[in-house]
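Structure first, commentary second.
The values are calculated or read from the model by the stated rules, or taken from the named source; none is laboratory data. Owing to the predicted nature of the structure, the values given are computational and were not obtained by experimental measurement. For neighbour counting, all protein chains shown are included, and Cβ atoms are generated from backbone atoms with ideal geometry for every residue, glycine included. Just the protein is used for accessible areas: all its heavy atoms, side chains included, with ligands, DNA and RNA removed. Shrake-Rupley method; radii C 1.70, N 1.55, O 1.52, S 1.80 Å.
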Amino acid sequence: SFLLEDGRLSHFAFNNIVAVSIQLEEYEWLDHFIETYQDKLEDAYRRNIVHFNRARLAYARGQLQEAMGLLQNSEYKDLINNLISKNLLLKIYFELGEADLLESHLDSLNKFIRRREVSDYHRTNYFNIIRFTRKMVAIGPYDKVKQEKLKTEIKGTDVLSEKSWLLEQLRV
């Protein structure tokens, strides 16, 4: 394969292939890709990268418990994978209605962002995700007036990678 260098596949390329495959909803193909190419990853990254990407696939398939287990049992050296993992856990805790885990996770994520050297974009983005998630929890599912106001606020926020997910949660 043209992506291999000296018989190895970089974990960056592996992650990008997984991301595109998930966007295209090519889950069966992606299962096969992970299985086939995991041995081509650098030894130092293999376990965590495979768990991370299996978790992303499980989440995309709606297998939240499986995704949560994979994410909770991995540690990521790469800042971006760490942020993506924490963001996925946030979504899983919210979707499963795990209020205590979610609140603890939001506090932890907030501290993580404050303590790390991250770009202004990532800092703003994750603080927005945290803020809007907290607002959704506080409003609850029955206050339609506050939900509509929050939808407008979310739509008007420029730096927000989870805009569509947040809006989807408000439609439920």
Per residue Cα convex hull volume in Å³ - calculated over region 11-69
67
State the volume of the convex hull built on the alpha-carbon positions of region 38-154, expressed per residue in Å³ and rounded to an integer.
121
For region 41-88, report the accessible area per residue in Å² (1.4 Å probe, heavy atoms, rounded to an integer).
45
With +1 on the Cβ of every Lys and Arg and -1 on the Cβ of every Asp and Glu, and nothing else charged, how large is the dipole of the chain about its Cα centre, in debye rounded to the nearest 20?
820
Just report the Cα centroid separation between region 69-83 and region 99-156, whole Å.
20
Say the dipole of the chain comes from +1 at the beta carbon of Lys and Arg and -1 at that of Asp and Glu; which of H32, S164, N82 then lies farthest toward its positive end?
S164
Placing unit charges on C-beta atoms (Lys and Arg positive, Asp and Glu negative, everything else neutral), compute the dipole magnitude of region 110-155 about its Cα centre in debye, rounded to 20.
140
Descending principal axes extents, region 96-156, alpha-carbon based, whole Å:
38, 29, 14
Provide, as a two-decimal number, the C-alpha radius of gyration of region 1-102 over 2.2 N^0.38 Å, N being how many residues it has.
1.07
What nm value, rounded to one decimal, do you get for the distance between S10 and Q65 when each label is placed 7 Å out toward the C-beta?
3.9
Can you list residues whose amide H is under 5 Å from L9's amide H, if they're 5+ apart or on another chain and H is modeled 1.01 Å from N?
L41, E42
From phi via Karplus (6.51, -1.76, 1.60), per-residue ³J(HN,Hα) for region 116-131 in Hz, x at Gly/Pro:
9, 7, 10, 5, 4, 4, 5, 4, 4, 4, 6, 5, 5, 4, 4, 4
Work out the count of Lys pairs in the chain where the Cα-Cα distance is under 16 Å, with the pair 8 or more places apart or on different chains.
14
With -39,500 (n - 2.57) per DSSP H segment of 4 or more residues and division by the full residue count of the chain, the 222 nm estimate, nearest 500 deg cm²/dmol, is -24000 deg cm²/dmol
Quick one: with all protein chains in place, what share of the accessible area of region 117-164 is carbon or sulfur, to the nearest percent (1.4 Å probe)?
55
